[in-house]
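Report on one structure; see the data block that follows.
Values quoted throughout were computed directly from the atomic coordinates according to the rules given, and no laboratory measurement underlies them. Note that the structure is a prediction, hence the values are computed from the model and not measured. Every residue, glycine as well, gets a Cβ built from its backbone with ideal geometry; the counts of neighbours run over all protein chains shown.
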Amino acid sequence: MRIEIRTTPEEKRRWQEIAENKGVSLSELVRSALGGQRLRKRREPPRVDPDLLRELARMGNNLNQLARATNRRQPVPAAALLVRLIEIDRELSALRAAHERPADAD
C-alpha cells in the first residue's frame with residue numbers, strides 16, 4: 001500500500017538525512033516513528049573474496065558430479081568416494097582457516 005504525505009522540502013531533506021544516518025530507508029524511518037518501533041540498522045553483507053568463491057564453486061561442482069553419478073546409479077567405488085570427500089573436507093578446512101576473521105574484527 002502506498003501512503004502519501006505533504007511536507008516541505010526542508011522537512012523531507014531532514015528526514016532523509018536522519019534515515020541515511022540510521023542506515024534505513026525513509027519509509028522505514030516513518031513506519032518506525034508511527035508504529036513506535038525501534039529501528040534496526042541494516043547490515044551490509046560482508047565482502048567475499050572472489051578466490052574463495054571460485055574455490056567453493058569448484059568443490060561444489062565436484063560434489064555435484066558425485067551426486068549425479070549416485071543418482072544415475074552408476075557405480076562409485078566406496079574407497080574413491082571416501083577419499084574425495086576427505087579431500088574436500090580438508091580443502092574446506094584450509095579455506096575456512098584462511099578466510100576466518102579475527103574475533104575482534106566485528
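Place the peptides 76-82, 28-34, 3-9, 50-56 in order of packing, highest mean first, counting for every residue the other Cβ atoms within 10 Å and averaging per peptide.
Details: 76-82: 10.3, 28-34: 14.3, 3-9: 7.4, 50-56: 11.9.
Final packing ranking: 28-34, 50-56, 76-82, 3-9.
Of the listed values (i) 195; (ii) 212; (iii) 125, grab the one calculated as volume of the Cα convex hull per residue in Å³ from the structure here.
The value matching this structure is (ii).
Take the Cα atoms of segment 50-100, find their three principal axes, and give me the spread along each one in whole Å, biggest first.
In descending order, the Cα extents are 37, 20, 10 Å.
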